[in-house]
1. Step by step: first the residues of the range 60-94, then only those that are of a type in the set (A, V, I, L, M) and modelled with pLDDT under 90, then the one that is surrounded by the most Cβ atoms within 10 Å (Cβ to Cβ). Which residue is that?
2. Restricting to the range 107-139, what's the tally of residues that are under 18 Å from H160 (Cα atoms) and either in contact with a strand residue (DSSP E or B) (Cβ under 8 Å, 6 or more places away or on another chain) or of a type in the set (K, R) (or both)?
3. Residue check: is Q198 assigned to a helix (DSSP H, G or I) and not charged (D, E, K, R)?
4. Only residues that are farther than 21 Å from Q198 by Cβ and among the hydrophobic types (A, V, I, L, M, F, W, C): list them for the range 114-168, please.
5. Of all residues in the range 178-207, which are surrounded by 23 or more Cβ atoms within 10 Å (Cβ to Cβ) and under 24 Å from R152 (Cβ atoms)?
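The values are calculated or read from the model by the stated rules, or taken from the named source; none is laboratory data. These numbers were taken from a predicted model, which means no experiment stands behind them. Reconstructed Cβ throughout: ideal geometry from the backbone, glycine too, with neighbour counts over all protein chains shown.
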Amino acid sequence: MTRFFPAVGLASFLLPLVAGCQGTTGTIHSGSGLLSSARLWQSDPPALLIGPEAAAQAPPPPELPAPEAARLAFRTAQEFEKNGRIPEAIQFYEKARSHDPAMRLHAARRLAVLYDLTGDFPKADAEYALLLQAHPKDADLLNDLGYSHYCRGQWSTSEHYLTQAVQLQPQHKKAWINLGLARAQQGKVEESLQAFQQAVSPAQAHCNLAFVLAAQGHREQALQHYRTALQLDPSLRLAQAALARLSPPQAESPASAP
């Protein structure tokens, strides 16, 4: 999931199994001889046990092969993540790779993002380091890492990784936009515009830059770039709304004397 920006019904069913997320489900055919045979019901059912006796006599759950348990854990983690259950998602991604080392990098990719979301940056950095060691020229990974540092306010480090991302994949629009944001945060106005324009129109590039300037408190500069955006594209509603919000209210003319 490339970040740029950043279900548990199934998961709750799977929790008692083992840990995971990609298991297969079988289908029982009601028309089979097994289900239609009346002999299944000839014996009296065993007495129902409740409490410690039941736990003592219950057979242990079947143990899944490690690769299947890992897939099951991974699917469960995905369901939790989809529903915003981040701690549970982290738990099951960790379980997935503990079951099967082959899942290590797949889990690390999601864990890096999730540790970022929780603000656990040392763990996020450990996952990113593992991933970079395996895939040093992955533009999506470098974009995610650059965005991670952007969210921490580490603009220069963010620019470093995002520059690598667009060098490796010049058509990576999300990385270009993130790079424009990182440069804008450092006051690199022209370089920021150049980065934005690799992904969006010139009008939208000025609008993006104006957004950062406004967030930094540079109101007049932001107004200037919003006006430029509207000169280039008068239909740009985002710029229209932002300009109206930032512009000082017009002073009412005094009522003329009768």
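1. Across the range 60-94, the extreme among qualifying residues is L64.
2. Matching residues across the range 107-139 total 1.
3. When the stated conditions are applied, Q198 does not pass them.
4. L114, L117, F121, A124, A126, A129, L130, L131, L132, A134, C151
5. We begin by selecting, within the range 178-207, every residue surrounded by 23 or more Cβ atoms within 10 Å (Cβ to Cβ); these are 178-184, 192, 195-196, 205-207.
N178, L179, G180, L181, A182, R183, A184, S192, A195, F196 - these are the residues of the range 178-207 that are surrounded by 23 or more Cβ atoms within 10 Å (Cβ to Cβ) and under 24 Å from R152 (Cβ atoms).
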